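The values are calculated or read from the model by the stated rules, or taken from the named source; none is laboratory data. Quantities reported herein were computed from a predicted structural model and do not represent experimental measurements. Neighbour counts are summed over all protein chains in view; Cβ atoms, including those assigned to glycine, are modelled from backbone coordinates with ideal geometry. Surface accessibility is based on the protein's heavy atoms, side chains included, excluding ligands, DNA and RNA. Shrake-Rupley method; radii C 1.70, N 1.55, O 1.52, S 1.80 Å.
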Amino acid sequence: MIIKPDGVKKRIIGEILKRVEGAGLTVKSMRMLQLDRKTAGRFYAVHKERPFYQSLIEFMISGPVVVVALEGVNAITRYRNLIGATDPDKAEEGTIRRQFGESIEVNTVHGSDSAENGILETSFFFSTAELGMIPEE
Ligand code: ATP
Ligand code: MG
């Protein structure tokens with residue numbers, strides 16, 4: 001998951017992590033960082049042809065983000081239920097995006113959409129050592 005720049009600016013990092021942990025998901029590693037244009041572009045490369053791509057990149061580099069590697073049974077589904085639909089207006093009551101998101105773009109959090117992408121996105125930001133995956137000697 002990523003707490004997007006608006007989530008950091010709103011000072012709800014703790015609030016978001018409290019909900020994530022409360023849903024039974026485990027934080028394996030986390031870090032705050034400032035994305036540069038190139039890295040944000042690579043991260044969202046799947047959306048390159050979408051009309052909102054440039055604007056999304058500008059938003060994602062507008063301030064620091066918190067990247068978080070999560071673990072849990074059915075983690076993708078459980079996390080996505082917690083955050084709600086992409087568009088905060090369409091997200092269910094009580095979800096993170098419904099409560100804190102401002103628009104379909106400025107929607108407070110990112111989440112991987114499949115186990116496969118979860119692995120890709122987690123390894124995009126974290127080393128195996130950070131994830132506690134260094135094998136025993
Ligand atoms: P995320 O991948 O961030 O968890 P998502 O999977 O719900 O969100 P995607 O379709 O993957 O949504 O879009 C990625 C991000 O691009 C969205 O979270 C949002 O910030 C932005 N975005 C998506 N659709 C639009 C749109 N129509 N207009 C502007 N920005 C959009
Ligand atoms: Mg997505």
Exercise. For T26 paired with E116, estimate the spin-label separation in nm (one decimal), with each label point 7 Å from Cα along the Cα-to-Cβ line.
Key: 2.6 nm
Practice problem: Give, in nm to one decimal, the length gained when the segment between S127 and E58 is fully stretched (0.36 nm per residue of separation minus the Cα-Cα distance). | Solution: 22.2 nm
Practice problem: For region 1-86, run through the GluC sites (Glu not before Pro) and keep only the ones in DSSP coil with at most 13 other Cβ atoms within 10 Å of their Cβ. | Solution: E49
Quiz prompt | Alpha carbon centroid spacing (whole Å) that separates region 81-114 from region 16-68 | solution = 13 Å
Self-check item: Solvent-accessible heavy-atom area per residue, rounded to whole Å², over region 45-123 at 1.4 Å
Solution: 56 Å²
Quiz prompt | Overall form of region 1-131 per C-alpha gyration tensor (a/c, 1.5; a/b vs b/c) | solution = rounded
Quiz item: So, with a 1.4 angstrom probe, what is the percent of accessible area on the chain that is carbon and sulfur?
Solution: 52 percent
Quiz item: Once Lys and Arg get +1 and Asp and Glu get -1 on their Cβ, which of G111, I83, T39 lies farthest toward the positive end of the dipole of region 1-127?
Solution: T39
Quiz item: Under unit Cβ charges (Lys, Arg +1; Asp, Glu -1), what dipole magnitude, rounded to 20 debye, does the chain have relative to its Cα centre?
Solution: 340 debye
Quiz prompt | Low-density loop positions, GluC sites (Glu not before Pro), region 90-124 - DSSP coil, at most 15 other Cβ in 10 Å | solution = E92, E93, E102
Quiz item: In region 1-110, which trypsin sites (Lys or Arg not before Pro) fall in coil by DSSP and have 15 or fewer other Cβ atoms within 10 Å?
Solution: K10, R11, K48, K90
Self-check item: aspartates and glutamates with Cα under 14 Å of K4, excluding same-chain neighbours fewer than 8 positions away
Solution: E15, D36, E58, E102, E105
Quiz prompt | the chain - mean residue ellipticity at 222 nm from DSSP helices (-39,500 (n - 2.57) per run, n ≥ 4, rounded to 500) | solution = -10500 deg cm²/dmol
Quiz item: Suppose every K and R has +1 on its Cβ and every D and E has -1 on its Cβ; what is the size of the dipole of region 95-137 about the Cα centre, in Debye to the nearest 20?
Solution: 320 debye
Self-check item: Rounded FRET efficiency, nearest 0.05, which uses the C-beta distance separating N81 from K38 and R0 of 22 Å
Solution: 0.10
